[in-house]
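In what follows, a single structure is set out as C-alpha cells and then discussed.
The values are calculated or read from the model by the stated rules, or taken from the named source; none is laboratory data. Just so you know, these numbers come straight off a predicted model, no measurement behind them. Here the Cβ positions follow ideal geometry from the backbone for every residue, glycine too, while neighbour counts run over all protein chains shown. When the accessible area is computed, the model is the full protein with side chains, heavy atoms only, and any ligands, DNA or RNA have been set aside. Shrake-Rupley method; radii C 1.70, N 1.55, O 1.52, S 1.80 Å.
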Amino acid sequence: MKDFEPVIVAFCCHYCAYTAADMAGSKRIAYPANVKIIRVPCSGKVDTIHIMKALENGADGVYVAGCLEGDCHFKNGNLRALQRVKQVQALLEEIGIEPERVEMVAMSAGMGERFAEVAFEITDKIRKLGPNPLKAGMENAKAA
Amino acid sequence: MITAERKPMEEIIESVRPYNRILLVGCNECVTVCAAGGRKEVGILSSALQMAFMQEGKTLDIKELTLERQCDPEYVEELVTVIDQADAVLSMACGCGVQEVARRYKDKPVYPALNTLFMGAAERQGVWAERCQGCGDCILGLTGGICPVARCSKRLLNGPCGGSTAGKCEISQDVDCVWQLIWDRMKALGIENRYEEVMTAKDWRTSRDGGPRKIIREDLV
C-alpha cells in the first residue's frame, strides 16, 4: 500500500476552479498529478450519476469545485452541487464506502494557490483513506 | 401524483443478492416526477448496487430500462425482449408497476426498490405532501377545495378538534390544521356560512373499507 497513488477526479466549474487551475499553472504553482480535471460549465451541472460513475470506474476520490457562495455565474449552481455531493455521501455511507471520498470545495477564479492547496489536501486525505474499496473487493475475488 | 421513496440500500441489496442478472426497471410517470424511480434514479441505483457488490468481489449484470408507464400492460409488454436475460426484476415503479410486471411475467421474481407513499402534490421543488386518499366520494366542493380526509390527522369531517393551536395540528408544528385552512379559505371565498352545516357520517364503502376497488368503463372496454 506504500506506493499507492490515488486517482482523483475533480469536476471544476469553468468560471472559478478551472480558471483557478489555469492560474496555478500560469503562476508555476505545482499541484499533485493525481488530480484529473474535468471542466464543467457550472458545478451545478455535475449530477449524482457523474460522481457515482467516477467512483464505480475506479476513482479513489472525487471532488466538485464550484464558485464561492453567492458568486455562482448561474445564481445557485454551486449550492445545488453541494446538495448533490451530500446526497452521494449519504448513498456511499449506505453501501459501506467512506463518504469522505467525495467532497465539495469552493474557490474563485483568482485563487490559484487555493486550487493547489485543495488538490494537495484532498490527495493527502485520499492517500490516507487508501484505494477505492471496489478494487480490493475485485482483486480479492480474483485471487480466491 | 403517486409519490414514493427509495428503500434503504441494505434492503434492496439483500433482495437481489441471490441473483447475477438484474433487470432494473424504472417508470417515466409519477415516480420520475417525484425523483424516486425515473431514468436518472435507475442509473444511480444501478451504480450504487454495482459498487456495493464489487466490494464483495462480485459484478452484477444489470440492465437498465425505464418504461413509459409501468402500470399499463402495453408498456410492460416491452420487457418481453429482455426479460429472459434476467434472473430477477428490480422495479423502481410504485406498487402498481411492480404488480403489473409480476402479473405479466409470472416466472420471474420481482422486487420493489421503492416504498410507495401517497397521492400528493409538490409544495415546492423537492417537497411533496399528501393531498388525496382516494376515498371515492369527493367532498372538496364542501370544504373550499381543501381535503380533510387526506389532510386532517383524524380525518374529521366537522373540525377542528381541540388539538388545533395557532393553525397547527397537535401532532406536529410542521403540520397545518386543515380545518384552519378550510376556515380561512371559506372566509376568503365569502362562504363561511357553509361551515355551520354539519357534515353527516361519511359512507366509507366507496373507500378501501369496501374492499379492493375497480373501475369498469363499458364505453371503453
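Here are a few things to note about the model shown:
- Shielding by partners for peptide B:1-10, expressed as the average number of C-beta atoms from other protein chains within 10 Å of each residue's C-beta, is 1.
- The stretch B:156-172 - phi-based ³J(HN,Hα) in whole Hz, Karplus 6.51/-1.76/1.60, Gly and Pro as x: 5, 9, 10, x, x, 9, x, x, 8, 10, 6, x, 10, 7, 5, 6, 6
- Considering only A:Ile29, B:Leu45, B:Gly159, and ranking their Cα positions along the charge dipole of the protein assembly as shown that arises from unit charges at the beta-carbon of Lys, Arg, Asp and Glu, the one farthest toward the positive end is A:Ile29.
- All Cα-Cα separations within the stretch B:134-209 were binned at 10 Å from zero, giving a P(r) of 19, 51, 28, 2, each value a whole percent of the pairs.
- Using the Karplus relation 6.51 cos²θ - 1.76 cosθ + 1.60 with θ = phi - 60°, the per-residue 3J(HN,Hα) values for the stretch B:110-126 come to 10, 10, x, 9, 10, 9, 6, 10, 7, 8, x, 10, 7, 7, 6, 3, x Hz, with x marking Gly and Pro.
- The stretch B:1-136 has equivalent-ellipsoid semi-axes of 25, 18, 12 Å, by the square roots of 5 times the alpha carbon gyration tensor eigenvalues, sorted largest first.
- The alpha-carbon of A:Lys128 sits under 24 angstrom from the alpha-carbons of these lysines, leaving out residues fewer than 8 places away in its chain: A:Lys2, A:Lys36, A:Lys53, A:Lys86.
- Rounded D (µm²/s) - the protein assembly as shown, Kirkwood Rh over Cα pairs, Stokes-Einstein at 4 °C, 1.567 mPa s: 54 µm²/s
- Per residue, in Å², the accessible surface of the stretch B:134-209 once ligands and nucleic acids are set aside, probe 1.4 Å: 62 Å²
- An ellipsoid equivalent to the stretch A:73-144, defined through the eigenvalues of its Cα gyration tensor, has semi-axes of 29, 18, 8 Å when rounded to whole angstrom and sorted largest first.
- Rounded to the nearest 10 degrees, the inclination of helix B:39-54 to the longest alpha-carbon principal axis of chain B is 50 degrees.
- Solvent-accessible area, 1.4 Å probe, carbon plus sulfur percent, for the stretch B:134-209: 50 percent
- Amide H contacts under 5 Å for A:Ile37, placed H, 5+ residues apart: A:Ala10
- Cα→Cβ-extended label distance, 7 Å offset, between B:Leu117 and A:Glu5, nm: 4.7 nm
- Note, ³J(HN,Hα) from phi for the stretch A:84-100, Karplus 6.51, -1.76, 1.60, rounded to Hz, x at Gly and Pro: 5, 4, 4, 5, 5, 4, 5, 5, 4, 4, 4, 9, x, 10, 4, x, 5
- Amide H contacts of B:Gly37 (H built 1.01 Å from N, in plane; Pro and chain starts excluded): B:Thr32 sit under 5 Å, all sequence-distant by 5 or more or on other chains.
- In this structure the amide hydrogen of B:Lys168, modeled in the peptide plane, comes within under 5 Å of the amide hydrogens of B:Cys177, none closer than 5 places in sequence on its chain.
- The packing ranking of peptides A:4-10, A:29-35, highest mean first, is A:4-10, A:29-35, where packing means the average number of other beta carbon atoms within 10 angstrom of each residue.
- Virtual spin-label span in nm between B:Arg124 and B:Val33, 7 Å along Cα→Cβ: 2.0 nm
- Using the Cβ-Cβ distance between B:Arg104 and B:Thr59 with R0 set to 25 Å, the FRET efficiency from 1/(1 + (r/R0)^6) comes to roughly 0.35.
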